[in-house]
Amino acid sequence: MSRSQSSRRTGSMRPVNAAADGRKMRSIIAEDSEWSLELVPLLTTLCLQHIIKHFREKPILDELTPKYKAYVLQRLPTSLPLTITANLISDESYWKRCCEGRWAVSDVSTYDNSWKRMFFERHLENIIEFFIPDATDTKTVLDVVPLCRNYVKRLKVSQLLPPIRESPRFDEDDRSDCASDTGSEGPSMDHFDFRILLDKLPNLEELNVVYGVKGCGMNFEWNLFEFTFRDCEFLAKALHSCKTLQVFRIHRSKVDDEKCCLLVSQLLDHPSLQELDFSHNHISDRGARAIGKLLNRSQLKRLVVCNNQIRGPGAQALAHALSKNITLLSLNLRLNRIGDEGGQALAQALVKNKTLVNLHLGGNNMTEPTAVALSQALVENCTLKNLNLSNNKLGVDGGKVLEEGMSHNSSLVECDIRLTDVSQDSEYSRQHAKIKHKHDPSAKV
Amino acid sequence: MLQPEPFAGEEADEPGPSVESKNQAERITARRLRIAARNETKTRQELGEDSQGKEDIQEETRKSQKEVEKSKRHMVKLQSDGLELVTNIQVAVDARESDRRTELEEACRLRRDKLENEAKSSQEKFEEITRKWTDAKMKQTPLDLRDAMNSQQQLCEQILGDKNKLISELQQELKASDDHYVKDLKRQAKDIDLLIERMEEQISSLKKSYREDLQQIENSFDEERRTLLTKHRKKWGHQMKEQSEKELRNMMQGLSLLEEHEDLLQKLRVWKAEEYNTDKIRMDTEVQNLRKKLQEVKFNCHLNEEKLDYKYEVLKKREEENAILKSHLKRKIIRMQDVLNNLKSKCASQEKQLKTEEQSLRNDYTRIKQQYIDMQKKARHFAALDAERFEKLWLINEDEVKALAHRVLETDRIIHEQQLGLAWVSPPLPFMERSGPIEHKTLRTASQAAADTLQEETRGDLVEESEGLGDTASGVNRRTVKRILELLCDELGFLVESKLLKLVSHLEKNDQSLIKLDAIFSAIGIESEKDVYTMAEFLMNYRQHGREQRELMEEEETTNNSDFIHHNDLLVALKEFTAQYCRPHGVQASQKSSVLGLIMRDDSEDAAHWESIANVIPESKLRLWSALDTAINKYHTVLTERAELLVETQNVQQQNTELRQLLHLYTTSKASAEPEMQPTRMRQFPM
């Protein structure tokens, strides 16, 4: 060590001498033949390395010149605490390293190509997803909030854990007991309370929530998938407080009519909400009525209520709202049971509506009368582009009527009538209609 | 030309997997291409006919574009197909799910019915049991009771059996649904596997086709690039060759030019050297001359310097003198100012004096005026006295004159009677009877004359005739004068003041015209009657003078106005008259003095009077007298000459005697010739 140091010193002196007096140049041969000046690190690099080493205690970054800043950022460890880095470092490459170090798969294109945003969003999601009520301190969430509040735009919470405190007792008990107890001890089964979080995120635009456990495997228990009334209350209030929210999705969370009404009542007149997704829940006619009310008291552009239990009356309520609506562009009612009653009502609403572009009515138990109504609606309507009627028993006659209706329509681009028992001719015409261009009036149906 | 290409592309693409949809897509794309091509041609037409090369490039690029378009279409088709393939599974699953739901619903309904039926039947049975319980209470005998109990037990067992059967059925259903669930799960897993498989397939096929298309596009681009490269290289080589040739030519030209220029330079150099030599010599001589001149100039300069010095001195002295003079003048100015002040004060005092003087002079003036008035009085008085004296004098002189006349007449009579021996007739002597100064009848003024003439009308013609004699002298008929006056009255109304006209309007016609005429005369400047007549005469003359011109007109109105001036000419004529006869103002002034009261006597007649007296002896008589006088004088002179000649003869006789004595004396002395001359001279003297 000392030898190398000494040699380094002599080596560093040599060029100075040579520069001072060229004639008196004297060659000093180093002891190590493989040694060369290139191996000696510069003082600046040493300094920078020091900075990197002690970044935790003394973060110096903005004072550096751009060149050294890049050097430091390249070499900073990703294990640094977020309290230091979150608001100090804006460099993408650092955050890219953080993300790649933490998650195997990361598609930055869905995050506006911002690695930092991605990192914080996923970080926060992680914290929420593994938050156990009563067991985990709320501080763990609240501590992160000031760090990531400026970068989080979307939260995709794919699971919410229930409190585990009483679960052992339930395991011992009978299954039927368990079911009855969950009802009585509902409040104790509350999940993470979104109220403490949502009003602190000023840039939040999208929220996806699933009240359920992911990948439970053989540890399945019904109470793992319980969306209690209090949860719903908290969530509704949290949504009400978050004024920047544009997209709200709640999937597979057993949202029934009561909870739906509660959520909708808090979302009425929301200033920015544009998309609402209640897929895979238990909403039936009352909930549909509530959603219909919401349609005309908000700026909703997309509404998804697929795989629910909406029947005729609910669809009628939605159709009534739709006939007055001027904002909604897309409506998805896949896998409901609206039947002919609802289908006809919706078809009549389409006559009046001038904004709806996409309508999905797949798997709705509709038959020929609906096809007749829809073909009449298609003659009048000139905004609808995509219509999905798959998995409805329209029948051969219904297909023909629909074909005739489409021949008078100039806007429809795609009409899906797979598995609707229509004849081959109609199927053929359907394929024509699918690629029919709306600006090409000469195209034959 | 452009349309067939997309169709060709369509044909090329047609052998694809799905015919119908493909055909449609082809059609759409073909249309799009056609629109694009049309736009392109339009733009090209707008740009004008460009070079051939550009078109080639466009065509070549079109090949690659076509390729891109084709691949795009292909990809879209593939994607839609793939999507359909994948979504088919979803749709199928959806269908299955909906089917399951309907089944579930059906099962639910059936189960519910079954349960209801069961409940009903069990209720009936239960009711039966309860009824039997009451019956059993009625039973008295234990045997009956036992039977009843047994039957009850059987019934209960029946119910239980039913219930158990139901439970087992339900449990079986549950199991079946469990199985179903498991199967569903498995099927879903399979479906998902299928989905994934298809997606992967799709992805791989898409990848493959993308790669192929990319390859094709790249190939086409490469080809295009190569063709372009070769073309450009060829072009480049060609141009390079041309360039080198051109440069070579230019170089040759430059070399020849260089030689020419070198020759020229040599010539110029020689020529310039000669010129330089000649110039040098010339310059040397010039330099010498200039040196000489310089010296002269220097000398002159020196001289001038001295002169200037001297002059400077002189000027200095003069300046001093001027300073002295200036001070003198200043002093003088001061003095003058004093004088001026004195004069000013004097002037002021004089002004005062003058004022007082003026005052006194004014007083004097008033006094003198008073005196003048007094003097006038005196003058009048003296005038009266003078007139008296004049009359006296006049009488005395007249007496004297008369006496003299008498004497003259007497002498005339004597001359006639004694000298001529003629009978003497005394001439008429009117003045002898008269005595005292001539009393002039005052001149009649013009207005009076006019009045007279106007009044004659009324008096009639007789009067006129009687007075006509007096007026004939003026040569104008009274009547004509009257007419003229009337005419004047009519024509010259403008000279009369309007005020006067107003005053006059109520009077008689004659009076009116009289007053008007008075005003008119005063305006024209006519004062006396004579003037009136002269005017009338002038006007008549004027008429006659202008008659020749106006004869035709006159002939037509021969009656009254024939001898009359035309009223149109009157104004012109009057103008001329006033120009000719206007009186000088001096006369008027003299008349004005008479207005003062000093009646001036008109002595014009006096001279005539005295003349007439003086001319008692008429001219013929005077001539007679003068002839007589000259004859008598001649006679007298002859007589006197005779007397003188008598004396002379006596003197000459005496001289002769004396001279004879003298001659006698001289003849005795030396000179003999001269004395002969002397007596002739002596004789000539008395002549």
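We did not get these values from a lab; they are worked out from the coordinates using the rules stated. Just so you know, these numbers come straight off a predicted model, no measurement behind them. So basically every Cβ, Gly included, is an ideal-geometry build from the backbone, and we count neighbours across all protein chains shown.
Quick look at the numbers
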| quantity | calculated |
| --- | --- |
| Fewest-first ranking of A:Met118, A:Met218, using other Cβ atoms within 10 Å as the exposure measure | A:Met218, A:Met118 |
| Residue-averaged beta-carbon neighbours from other chains (10 angstrom radius) around B:31-39 | 1 |
| Partner lysines for B:Lys208 [C-alpha distance under 25 Å; skip if fewer than 8 residues away on the same chain] | B:Lys22, B:Lys63, B:Lys66, B:Lys70, B:Lys72, B:Lys77 |
| Diffusion constant of segment A:70-134 at 20 °C, which comes from Stokes-Einstein with the Kirkwood Cα-pair radius and 1.002 mPa s, µm²/s | 170 |
| Within 10 Å of each Cβ in B:79-91, the average number of Cβ atoms from other chains | 2 |
| Cα centroid separation - segment B:230-253 against segment B:299-377, whole Å | 108 |
| Burial ranking of peptide ranges B:126-134, B:316-324 (average Cβ count within 10 Å, highest at the top) | B:126-134, B:316-324 |
| Kirkwood hydrodynamic radius of segment A:253-406, from inverse mean 1/r over distinct Cα pairs, in Å | 15.1 |
| Environment charge at A:Ser93 (Cβ cut-off 12 Å; Lys +1, Arg +1, Asp -1, Glu -1) | +2 |
| Sequence ranges A:284-293, A:254-263, ranked by mean other-Cβ count within 10 angstrom, highest first | A:284-293, A:254-263 |
| Per-residue mean of C-beta atoms belonging to partner chains within 10 Å, peptide B:100-113 | 1 |
| Viscosity 0.692 mPa s, temperature 37 °C, Stokes-Einstein D of segment B:605-666 from Kirkwood C-alpha radius, µm²/s | 206 |
| Lysine pairs with alpha-carbon atoms under 21 Å apart, segment B:110-173, spacing 8 or more or separate chains | 11 |
| Among A:Val108, A:His54, A:Thr140 - extreme Cα towards positive end, dipole of segment A:47-162, charges at beta-carbon | A:His54 |
| Descending semi-axes in whole angstrom, ellipsoid equivalent of segment A:197-246, from the Cα gyration tensor | 27, 13, 7 |
| Protection-proxy order for peptides B:396-408, B:641-653, each taking the mean of Cβ atoms within 10 Å per residue, highest first | B:396-408, B:641-653 |
